[in-house]
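One structure is given here, and the rest of the page talks about it.
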Amino acid sequence: MAEPYDLIVIGTGPGGYVCAIRAAQLGLKVAVVEKRATHGGTCLNVGCIPSKAMLHASHAYEEVGHGFAAMGIEAIPKLDLTKMLAFKDEGVKGNVDGVAFLLKKNKIDAVRGTVNGTVIVAFAEGLLIGIAYLIAFNDPPIELTGTALIIIACYIFRYGPTGIRATVALLQQIDKSLEEASQGLGAGSGVTFRRVTLPLIMPAFFAGLGVVFIRSMTAISATIFLVSISWTLITVKILENITELSLGPAAAFSVLVVGIVFVVIAIIGRVLRLFRAPGAVPMTSLLGG
């Protein structure tokens, strides 16, 4: 690696190789560093893909032994573990070879080895939060692991302060003389809050709510550890499809996320117009304008 690179990606897992390929497509000189003999990281080599291959083969074995009889097909399955493992290895090889081909096609230099030194990972905070939630809520009296509540709690407590800070910041900007004038005209504290204070803070509240929702819809670093068989996230599905190089379903899910976000923004904008104070400047969307 004598020549300078615009970007060096450490690890060629699903995040690493996708990042490297996209950067190369945008014109950057890119290199990847991978300690394994093959690309794809834990997911393609020893995690997701091998596990799914073995699960697929196991389900087929179970179906032959118990499901075919109901359709009038008599069969007695015989397990050949060597061939089943070979089937798994073939699937893994197809995926890792595909990643190697894409790296070569996009002229990305691949280096075998490790990187010495301190590396600051941008999403390390989210990973630590996800692990902390698993440890904190994995035992009684509050056992939430594997449920939807732990995902919701993670979103609320991680992103909720964004909306709270926006509301508090705007509340601090409201001149106290407005409330004093309202009370001086004979309005009570409840009417003052409802007719004066509330309309002023509602835009900040809903703007913060919109930001929290958008960040929750696209977050993955913390909640990837919190999903289960019963409860998963669309962002995790997108990552799974990208890992399996199923770009069509991944793109479809991504378009769905964008569509949901725009619908929610439109709804919040509609609510803002309903709460708009008389004489205030009209707001047509959450993004302003």
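Restricting attention to helices (runs of 4 or more DSSP H) lying wholly within the range 142-260, give those where 2 or more residues are over 30 Å from GLY15 (Cα atoms). Filter on the range 142-260 gives 148-173, 176-184, 189-192, 198-218.
If the condition is being modelled with pLDDT of 75 or more, among the hydrophobic types (A, V, I, L, M, F, W, C) and open to solvent by less than 50 Å² (accessible area, probe 1.4 Å), then the range 149-166 contributes ILE150, ILE151, ALA153, CYS154.
Each residue in the range 93-116 was checked for being assigned to a loop (DSSP other than H, G, I, E, B) and surrounded by 16 or more Cβ atoms within 10 Å (Cβ to Cβ), and 1 of them qualify. For the range 30-46, a residue qualifies if it is assigned to a helix (DSSP H, G or I) and either open to solvent by 10 Å² or more (accessible area, probe 1.4 Å) or at positive phi (or both), and the qualifying residues are GLY41, THR42, CYS43, ASN45.
The set of residues from the range 63-92 being part of a helix (DSSP H, G or I), at pLDDT below 85 and open to solvent by 60 Å² or more (accessible area, probe 1.4 Å) comprises GLU63, HIS66, ALA70, MET71.
Evaluating GLY27 against the criteria (1) in a loop (DSSP other than H, G, I, E, B); (2) open to solvent by 30 Å² or more (accessible area, probe 1.4 Å); (3) in contact (Cβ under 8 Å) with a residue 12 or more places away in the chain leaves one unmet condition, (3).
Do any residues in the range 57-73 that are farther than 26 Å from GLY91 by Cα have Cβ atoms under 6 Å from those of residues that are surrounded by 13 or more Cβ atoms within 10 Å (Cβ to Cβ) and among the polar types (S, T, N, Q), where the two are at least six apart or on different chains, and which pairs are they? Matching pairs, first to second residue: none at all.
The values are calculated or read from the model by the stated rules, or taken from the named source; none is laboratory data. Quick caveat, the model's predicted, so the values are computed rather than measured. Note that each Cβ is placed from the backbone with ideal geometry, even for glycine, and that neighbours are counted across all protein chains shown. What goes into the accessible areas is simple: the full protein's heavy atoms, side chains included, and nothing from ligands, DNA or RNA. Shrake-Rupley method; radii C 1.70, N 1.55, O 1.52, S 1.80 Å.
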